[in-house]
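The values are calculated or read from the model by the stated rules, or taken from the named source; none is laboratory data. All values derive from a computational prediction rather than experimental measurement. Note that each Cβ is placed from the backbone with ideal geometry, even for glycine, and that neighbours are counted across all protein chains shown.
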Amino acid sequence: MEVVLSINSFAGGLCKVVATASWTWRRVKTAVQEATSIPVAEQRLLAGNCHLGDEVLVGDLISAGAVDIVLLRRGLEQVKWLDYVSFDGRKLAEAPASIREDREIVFAAVRDDGSAFQFALDLLRSDLQLALVAIKYDADMFQHVCADLCEDREIVLAAVRSSWTTLGDLPEKFRRDREVVLAAMQLDERALFLAAPELRDDREMMLCAVSFNGGMLEYAGGGLDADRELVGRAVSQNGLALECAAAALRADPGTLLAAVAQNGNALEFAAALLKADPAIVFEAVAQNGEALQFAAEELQADPSIVLCAVRQRGDALRYAHADLRACHDVVLAAVGQHGGALCFAAAALKADLTIVLAAVAQAGSALEHVSEELRANRQVVLAAVSQNGGALYFASEHLKADPAIVETALQQDSGSICFVAPDVRMALSAKQPEDVAFELFH
C-alpha cells in the first residue's frame, strides 16, 4: 500500500514523499531530508493535531491515498537538547522550561530513562502516552503523573505490571479490583497482601496465588483450604502447602499423592492412616528419601520401601528399622548413594569389606565410621584417600606413613599433609616440592 505524503510548512509546500505502510516516520524524515536538505533532527511532523513519532509506522495512522503533513522546523536549541536527552534522559532535569514542555524531546528522554518523566512540565505529566512509556520503564514514575491519570485504569494496570508493590499505593477501589490485583500477582503473588483483605476469600484470586506459590494457601479465607481443586493446585506447586489444607484433604489419597509427588516430605502433614499407605509412602520416598522419617513404623521396616528411600537418599538409612540397618543389601544401597550413611549401619556391617569399600569410594570421609580393623586395612584406606585426601586423618597410624597412601592423599588434597605421620611430614617439609615425589616415593 502506497501513501503519497505532501510535506508542507506554514510558508507552503516543501516536497512529496511516496511511502508505504511499513515505513516509520523517521524514514519519512530521511526522505524529506534528501528532498529538502532539512536535517532529520530539525523536523517535527504533524498530521492534523497528531504528532508523528519516529518509531510509529505510517500505516498505523494513515490509510492509502494522499495526505497532507505539516513540518515544523526545530531551532538549534531544541536540536541540541534532543541530542542530549536521547543519550542521557536525565539531562532533561537541566533543561529550560521551554524544552521540558516539548513533547518530542521529553519522549526521547523517557525512552532513554523512564525516570526523566519527573522533570517534564505539568502539562506533559498529564499526557497518557508519555506516562505509559515512563511507567513501563520505571514504575516509580506513577507518583509523578497528574492526579487525573492516577485514576486512569490503563495507567494503573501499567504501573502494577511494572512493579507489583505499586498496588499498595493505589486508591482502595483499585486494591479491590480483581483485574488490577491479578495483574500485580502476575509479577509476585505477594501482591495479594497489598490487596483488599476480602480478596483472600475470592476463589479465582486464590487459584491464581497458589498457582505461583502453593504456600499462599496459608492465607486463603472463606473455607477455601477445603476446596479440592485449589488445594490440589497448591500442593502440585509446593507439596508442603499440604500443612495448610483442611483435615479432610490431608486424609484424601489423591491430594496426598499430588503433594508427595512434588515434595516427599509433605508426608509429614498426612493423616495418620495415609502414613501407613504403602503406595503413598513409596511415592514420597521415591521423591525424597528423607520422607521415610514420617512413614508409619511398620513401613520403616518394609524392605522395598526402605530400599527405595536409601537409593534416593542414602542417609535416609537413619530412619529405617534396626533390622534393615543390619541388612547387607539395604546398607550397600545406602552407602552407594551416600557414603556417610555408613554411620547409621549396624556395627557388624561397618566391618564388612564390601560395604566399607563402597562407602569410602563414594565418600572418603566415611572412613571415620569404619571399624578399627578396617581403618588399618591398606586397600580400604587407599580407596578412601583416593576420593578424599583428608580421609587420611581417620587411618590407622602406621598407614599414615605408607608411601603409596601418603602420595595418593597428597595428590588428591595437598592439605592432607597435616595428617601424615610426623617423621614423614618432617621429611617432606625438608625437601623441595619438585623433589618430594621422586625422593620419597621412588
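Worth pointing out:
- Within region 1-34, restricting attention to residues that are touching a residue at least 24 places away in the same chain (Cβ under 8 Å) and part of a helix (DSSP H, G or I), the residue that is surrounded by the fewest Cβ atoms within 10 Å (Cβ to Cβ) is Arg26.
- Gln186 being surrounded by fewer than 16 Cβ atoms within 10 Å (Cβ to Cβ) and of a type in the set (S, T, N, Q): yes
- In summary, Ala196 fulfils each of the numbered conditions (1) more than 21 Å from the chain's Cα centre (by Cα); (2) aliphatic (A, V, I, L, M); (3) crowded, with 18+ Cβ neighbours inside 10 Å with the single exception of condition (3).
- Subset of region 221-245 [surrounded by 16 or more Cβ atoms within 10 Å (Cβ to Cβ) and outside any helix (DSSP H, G or I)]: Asp227, Asn238, Ala245
- Selection from region 144-187 of residues that are in a loop (DSSP other than H, G, I, E, B), acidic (Asp, Glu) and more than 18 Å from Glu204 (Cβ to Cβ): Asp148, Asp152
To keep it simple, each residue is scored yes or no on (1) in contact with a helix residue (DSSP H, G or I) (Cβ under 7 Å, 6 or more places away or on another chain); (2) acidic (Asp, Glu); (3) surrounded by fewer than 21 Cβ atoms within 10 Å (Cβ to Cβ).
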site: Val380; (1), (2), (3): yes, no, no
site: Ser386; (1), (2), (3): yes, no, yes
site: Gly389; (1), (2), (3): yes, no, no
site: Tyr393; (1), (2), (3): yes, no, yes
site: Glu397; (1), (2), (3): no, yes, yes
site: Gln412; (1), (2), (3): yes, no, yes
site: Phe419; (1), (2), (3): yes, no, yes
site: Pro422; (1), (2), (3): no, no, yes
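- Taken as a whole, region 225-245 holds at least one residue that is under 13 Å from Ala271 (Cα atoms) and of a type in the set (A, V, I, L, M).
Yes/no matrix, rows are residues, columns are (1) of a type in the set (Val, Ile, Thr); (2) more than 28 Å from Asn213 (Cβ to Cβ); (3) modelled with pLDDT under 95:
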{"residue": "Asn263", "(1), (2), (3)": "no, no, no"}
{"residue": "Glu290", "(1), (2), (3)": "no, no, no"}
{"residue": "Pro303", "(1), (2), (3)": "no, yes, no"}
{"residue": "Val306", "(1), (2), (3)": "yes, yes, no"}
{"residue": "Val310", "(1), (2), (3)": "yes, yes, no"}
{"residue": "Gly314", "(1), (2), (3)": "no, yes, no"}
{"residue": "His321", "(1), (2), (3)": "no, yes, no"}
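- Each residue in region 317-326 was checked for being surrounded by 21 or more Cβ atoms within 10 Å (Cβ to Cβ) and in a loop (DSSP other than H, G, I, E, B), and 1 of them qualify.
- Filter pass, Val145 being surrounded by 14 or more Cβ atoms within 10 Å (Cβ to Cβ), among the aliphatic types (A, V, I, L, M) and within 30 Å of Ala191 (Cα to Cα): yes
- Any chance Leu267 is out of contact with any Ser or Thr (no Cβ under 7 Å at 6 or more places or on another chain) and either at pLDDT 95 or above or among the charged types (D, E, K, R) (or both): yes
- Test result for Ala248, part of a helix (DSSP H, G or I), more than 30 Å from Cys150 (Cβ to Cβ), in contact with a helix residue (DSSP H, G or I) (Cβ under 7 Å, 6 or more places away or on another chain) and not aromatic (Phe, Trp, Tyr): yes
- The number of residues in region 36-76 being small (Gly, Ala, Ser), without any contact (Cβ under 8 Å) to a residue 60 or more places away in the chain and within 17 Å of Thr20 (Cα to Cα) comes to 3.
- Just one of (1) out of contact with any Gly (no Cβ under 7 Å at 6 or more places or on another chain); (2) at pLDDT below 90 fails for Asp112. It is (1).
- Region 340-366 residues that are buried (at least 24 other Cβ atoms within 10 Å of the Cβ), paired with ones that are among the hydroxyl-bearing types (Ser, Thr, Tyr) (beta carbon under 9 Å, 6 or more apart): Val356/Ser371; Val360/Ser386; Gly364/Ser386
- Asp169 being acidic (Asp, Glu), crowded, with 19+ Cβ neighbours inside 10 Å, in contact with a helix residue (DSSP H, G or I) (Cβ under 9 Å, 6 or more places away or on another chain) and farther than 21 Å from Gln237 by Cβ: no
For every residue, the table says whether it meets (1) β-branched (Val, Ile, Thr); (2) outside any helix (DSSP H, G or I); (3) under 25 Å from Glu268 (Cα atoms).
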position	(1), (2), (3)
Asp315	no, no, yes
Cys343	no, no, yes
Ala348	no, no, no
Leu367	no, no, no
Val380	yes, no, no
Ala384	no, no, no
Tyr393	no, no, no
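- Of all residue pairs spaced 6 or more apart or on separate chains, none has beta-carbon atoms under 8 Å together with a first member in region 83-110 that is over 16 Å from Val40 (Cβ atoms) and touching a residue at least 60 places away in the same chain (Cβ under 8 Å) and a second member that is among the aliphatic types (A, V, I, L, M) and surrounded by fewer than 14 Cβ atoms within 10 Å (Cβ to Cβ).
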